Amino acid sequence: MTGFVSLDSTNWETFFNAKLSYVMFSKTNCENCRKLQIEVEGSSELQNLISGKLNLDIPGMSEMKMKHKWVSQIDILPFNAIFSNGELIESWSGSNFAKWKDKISSLPN
C-alpha cells in the first residue's frame, strides 16, 4: 500500500521539484478527497511516483501560494496535480478514480 505524505511549509517544494510526483490538493473536511485517497493508497500505480496531500486550509502555506498563484483558483476538490522538476505537467479536478488511473498510467516511466 502506498501512503501519502502530508505536505506543509517544510516539504512542499521537495515534492513539486521531484522528478515525478503526484499531489492531491485538499481541505481537512473534504470527504471526496478522503475517498479518493483510500482508493489511491490501495492501488499499485504510484510505485514510480512520490505522493503527497496538501490541505489548503492549514496555516503556513503562503509562500507556496505566492509562488504558484494558480492554487488560489482551485475551486473543486480534490484537485490533482502531477509535477516534474518543478513544473506542473498535468492537473484535473475531481475524485473519479478511473480518471486518476488513466492520467497516472499515461505518465512516462
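If I stretch the segment between Asp75 and Leu88 completely, what's the gain in nm (0.36 nm per residue apart, minus their alpha carbon distance), one decimal?
Working: separation 13, 0.36 × 13 = 4.68 nm, distance 1.74 nm.
In short, 2.9 nm is gained.
Residues of the range 64-94 falling in the label zone of Ser43, defined by backbone nitrogen less than 18 Å from a point 7 Å along Cα to beta-carbon, are 77-84, 89-94. Relative to the Cα centre, the charge distribution of the chain, modelled as +1 at Lys and Arg Cβ and -1 at Asp and Glu Cβ, gives a dipole magnitude of about 80 debye. Taken as Cα centroids, the range 30-59 and the range 86-109 sit 12 Å apart, rounded to the nearest whole angstrom.
What is the sum of charges, Lys and Arg at +1 and Asp and Glu at -1, for the other residues whose Cβ falls under 11 Å from the Cβ of Lys27? Intermediate values should be presented prior to the final figure.
Working: positive: Arg34, Lys53; negative: Glu31, Asp57.
Result for the neighbourhood of Lys27: 0.
FYI, it's all coordinate maths here, none of it is from the lab. Note that the structure is a prediction, hence the values are computed from the model and not measured. Every residue, glycine among them, receives a Cβ derived from its backbone with ideal geometry; neighbour counts consider all protein chains shown.
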